[in-house]
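Readers should treat all values here as calculations from the given coordinates under stated rules, not as data from a laboratory. Owing to the predicted nature of the structure, the values given are computational and were not obtained by experimental measurement. When we count neighbours, we look across all protein chains shown, and the Cβ atoms used for this are built from the backbone with ideal geometry, even at glycine.
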Amino acid sequence: MNTIPTTSKQFRIPYTVAGGQKGDRVRKSPVLLSLLLLNRGGRPFRQEILKGLKTLGFDEIISIEGPQINYDVESLALKFPNIRFLLLHQQVSRGEQINMGIEEAKGRFVFVLWNDIRIAPSSLSRRLLEKIQEEEVLCVVPLIKNQRQETLPTVQAPAFDRKRLRVLPLQPNSDGMVNLFPFDYLGIYHRGRFLLTGGFDYSIKNPWWQKLDFGFRSFMWGEKILCSTALRVSYLGDVPSEDTTPDSGYKRFFLKNLSIRFTGDSGILPGSRFLPFAFRSGGGFFSAYKEFKAAQKWVEINTFRFQQDARGITELWEVPEV
């Protein structure tokens, strides 16, 4: 780890945009809600999926396509001239795909969705969109069901067991529950607020630590992520599992979040945290020192953006009674 990104724009791979020209020509009014479609698996019936999404009334649809595509995107772009396809030239993390897609989007809000998830048609009501505009929070996450229509415990609550961080999965029992991070990246993101946070850290490859980093950073910088029980989606197949194994991404997450101390008006990474980190990092002393100094530099750049630290977040977190 030589540097830590300070904004979502620092790293970009080349990509090509196909389609969307017709929609750009005819649209005159501001875009309120864009859909950012992430793709995984060899999902068949691409045309049927896109047709279904078009009927939901999104102002804009952007589909992120990986470098290995097993279908004709140019043909799809001709059949769906209002949909833009972002063709990535190399593989990147899901968080970086979202960073790129949200920057490319024209909407004030961006709904991040997967191609193997169905939106309940009644979810995107005018009242819901009005409420999201009124709340002005970083992200509103949906109530999520599996393919058997069972509600999943996708509300994440942080807690410390002595010095060990735990993330407790809770059922979304009430509207407006605070959520540490978007489960499976799903949610309606406020584009402007998202870009101000720097987005997802593309240098963290493991989705679990990438989402945890995004969540803690967002709350430490005064943002909120809430769950809406009116916004409902369901998986068409198996729910993806999380790899929570501590790895290089965990080390970066630890330095950028759990090691920060809030002084009352700013955040700092005290030098006293280096030796405990070095002994536990699993690498050499000099490698740990470079990592630590890079994190210190990142904290110094953003020092006055901190409004609390990880301990403060967990101590004030309200876990609802069951």
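Remarks
- Residues residue 48 and residue 265, FRET efficiency given R0 of 45 Å [Cβ-Cβ distance, rounded to 0.05]: 0.25
- Taken as Cα centroids, the range 51-97 and the range 251-316 sit 38 Å apart, rounded to the nearest whole angstrom.
- Excluding same-chain neighbours fewer than eight residues apart, the aspartates and glutamates reachable from residue 51 by a Cα-Cα span under 18 Å are 59, 60, 65, 72, 74, 116.
- What the Cβ-Cβ distance of residue 239 and residue 129 gives, at R0 = 25 Å and to the nearest 0.05, is a FRET efficiency of 0.40.
- Cross-link pairs exceeding 24 Å in C-alpha to C-alpha distance, out of 106/131; 131/256; 79/145; 54/205, comprise 131/256; 79/145; 54/205.
- Tilt relative to the chain, helix 94-104 - C-alpha long axis, 0 to 90 degrees, to 10: 60
- Using the rule -39500 (n - 2.57) for each DSSP H run of four or more residues, divided by the residues of the chain, the 222 nm mean residue ellipticity is -9000 deg cm²/dmol.
- Each 20 Å bin from 0 upward holds the following percent of the Cα-Cα pairs of the chain: 31, 57, 12.
- Vicinal HN-Hα couplings computed from phi for the range 216-225 (Karplus, 6.51 cos²θ - 1.76 cosθ + 1.60; Hz; Gly/Pro x): 4, 4, 4, 6, 5, 9, x, 8, 9, 10
- Full extension of the segment from residue 285 to residue 171, taken as 0.36 nm per residue of separation minus the current Cα-Cα distance, would add 36.8 nm.
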